[in-house]
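The numbers here are math on the coordinates, done by the rules we state, and not lab data. Keep in mind the model is a prediction, meaning the values are calculated, not measured. With ideal geometry, Cβ positions are generated from the backbone for all residues, glycine too; neighbour counts draw on all protein chains shown.
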Amino acid sequence: MGYDAAIIGAGAEGLAAAALLARFGARTIVIERADRAGGRLATHEFHPGFRASPYAEELPPIPAHIHWALDLSRRGAIFMPLHRSLAIWPDGTSEIDLRSDAPSARLLRHCADAAALGVARAMEPKRRSPLRFAFYPGRSSSGTWPQVQLATQRLADLIEQSVDNPRDAAHLAAIVLAGRAGDPFREGGAAHLLAPGLGSGGIVLGGHARLAEALLDAAKTFGAEIALGLEASEIRRVSRNNLQIVLADGSAHEARAVISTLDVKQTFLSLFPWNMLPRPLIESAGRFRFAGAMARVLFALARQPEHATPETLRVPVHVQPDMVGFAAAHAAWRAGSMSARAQAVLRVPSALDPSLAPPGAAVMTVTLGSVPFRLFDGAWTHERRAGLRGRALNAAESVWPGVSATVLGQEVIVPGDIEEALGVSEGDLDGGEIAPDQLFELRPWPECPRTPIEGLYLGGRSASASVLGTCAAGAAAAQCVLADFRRLA
Ligand SMILES: Cc1cc2nc3c(=O)[nH]c(=O)nc-3n(C[C@H](O)[C@H](O)[C@H](O)COP(=O)(O)OP(=O)(O)OC[C@H]3O[C@@H](n4cnc5c(N)ncnc54)[C@H](O)[C@@H]3O)c2cc1C
């Protein structure tokens, strides 16, 4: 059967794209290999009675016009913004409250505003000229987006220019590098400030799966078909105007437009026979760098950590961040090993959302950064996972002594698990390393969401708009498809 649009992947981006296309009357199908929609928004029970959203602690904001167009609050997705963050050292703390007038908060607000401006630009359907860093220093007022410094400066320098207090500076670097591998002293590392961080997003009450349900409801209500449990295995051109998605069970769907929400490597190097793609496209997809670096340990606790104030339990807690430590951890990660100085961020999601744990109990998560996808000396064995669990518990003990004795169960997630669960290259949830040569017009090429394959659009985490917010890349791809349909009508 022929569709106007077929979308690969029913995560936030695919569902948003489907809802928007169907709302404008396009016959749309979404193909999802898992039995449930949601992708990264999954919330699952990792120990009897304990639930967590293992692939996303916080969601970058959904652009307001998409939120309203899809009526997400009425469909049950209630957001709680997060404004505060804490960093703890043995001899002191740093607190950043995004609503304050502190220099660190001002810098984060500036970046969040820059991202919002970028979303507005990404949504211009007639946009032929790509999102770009503004390379005009003379004109770089606060309205120029995003300023060239983010593409050229070191993260440490840019932060230290704005933030005098070294603890706040290290804390700020920890916020933007959380769950990633990044060297604050590398030129161009300031681009990390555009990655969603504190204050630009929040959590969904009841777990992020509620957002997936709301998006799914919107897509179905507007008339999109959602096909679950079906893996796309190949994309073929069947006529000048139509592409065909072949599924793993041998069936196929034809559509005038295909939106892939898979990353650039999965889309081009696994869904197309290589001889069908132009050589430059294969080369640029092959060159795109991935930087999966996050491990997360989910803990089921018999009770909330003792000696912790309720306020500390409601915010992310960065454990002893330091810029030199981040650089060392990044160097070790590049070599396929782990530094003892890798970042750790503690959270107690059940303190914000008690529905995640039984009464009196708690869910604690520890996010570790600079964790290699491939270890230089072998696989992620059971013992090595146990080592990560030990690191995570040490970090938690340094802040909340006695917490280890309350652990009832845990799950350790390494980048390879993320690749397997979501089909994400090297477990890189950002869809590619965050670096100036891989952002905006270079993520992955200037025409994105259009691709060099006529009728194929990129709408997921590797697309240029994805860095700017949840649903932004899917919505930008949908807008582009609609604009092209109108142009060709
Ligand atoms: C720098 C950066 C930072 C970000 N930070 C965050 C953050 O902190 N928190 C956050 O939530 N988001 C963050 N995002 C945004 C995030 O990557 C996406 O917006 C979104 O959360 C993931 O949605 P998705 O639909 O693209 O992918 P997914 O949610 O992964 O969905 C993809 C779906 O495709 C399915 N699939 C895979 N292969 C196939 C196949 N062959 N056939 C059919 N189906 C298949 C998978 O099962 C999955 O359901 C960030 C993005 C960037 C670029």
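In degrees from 0 to 90, rounded to the nearest 10, what is the angle of the helix 382-399 Cα long axis to the longest principal axis of the chain?
The helix 382-399 is inclined about 60 degrees to the chain.
Determine the principal axes of the Cα atoms in the chain, then give the extent along each, sorted from largest to smallest and rounded to whole angstroms.
On the principal axes, the chain reaches 67, 57, 48 Å in Cα extent.
Whose amide H sits under 5 Å from the amide H of L375, counting only residues 5 or more places off or on another chain, with H placed in the peptide plane?
none
Where Lys and Arg each count +1 and Asp and Glu each count -1, what net charge lies around E411 among other residues with Cβ under 13 Å from its Cβ? Don't jump to the answer; show the numbers that get you there.
Working: positive: R51, R296, R385, R389; negative: E45, D417.
Cβ neighbours under 13 Å give a net charge of +2.
Return the long-range amide H neighbours of T261 (sequence gap of 5 or more, or a different chain), with a cut-off of under 5 Å between placed amide H atoms.
I8, G459
Taking region 360-435, which trypsin sites (Lys or Arg not before Pro) meet the DSSP loop condition and have no more than 13 other C-beta atoms within 10 Å?
Details: sites: R374, R384, R385, R389, R391; in loops: R374.
Sites meeting the loop and neighbour criteria: R374.
To test your reading of the geometry: what angle, between 0 and 90 degrees and rounded to tens, separates the Cα axis of helix 12-23 from the longest principal axis of the chain?
40
What order do you get for 393-402, 441-450 when each peptide is scored by the mean count of other beta carbon atoms within 10 Å, highest first? Don't skip to the end; give the middle numbers.
Working: 393-402: 17.7, 441-450: 21.2.
Highest-to-lowest ranking by the protection proxy: 441-450, 393-402.
In whole Hz and in residue order, list the ³J(HN,Hα) couplings for region 46-56 that follow from phi through the Karplus curve 6.51 cos²θ - 1.76 cosθ + 1.60, θ = phi - 60°; x for Gly and Pro.
Couplings: 9, 7, x, x, 10, 10, 7, 9, x, 9, 7 Hz.
Let me have the relative contact order for the chain, percent, based on Cα pairs under 8 Å that are six or more residues apart.
Normalised by residue count, the contact order of the chain is 24 percent.
Rounding to the nearest 10 and keeping the result within 0 to 90°, find how far the Cα-based axis of helix 166-177 lies from the longest principal axis of the chain.
It is inclined by approximately 30 degrees.
For a quick check: with amide H placed at 1.01 Å from N, whose amide H comes under 5 Å from S100's, ignoring anything fewer than 5 positions away on the same chain?
The answer is none.
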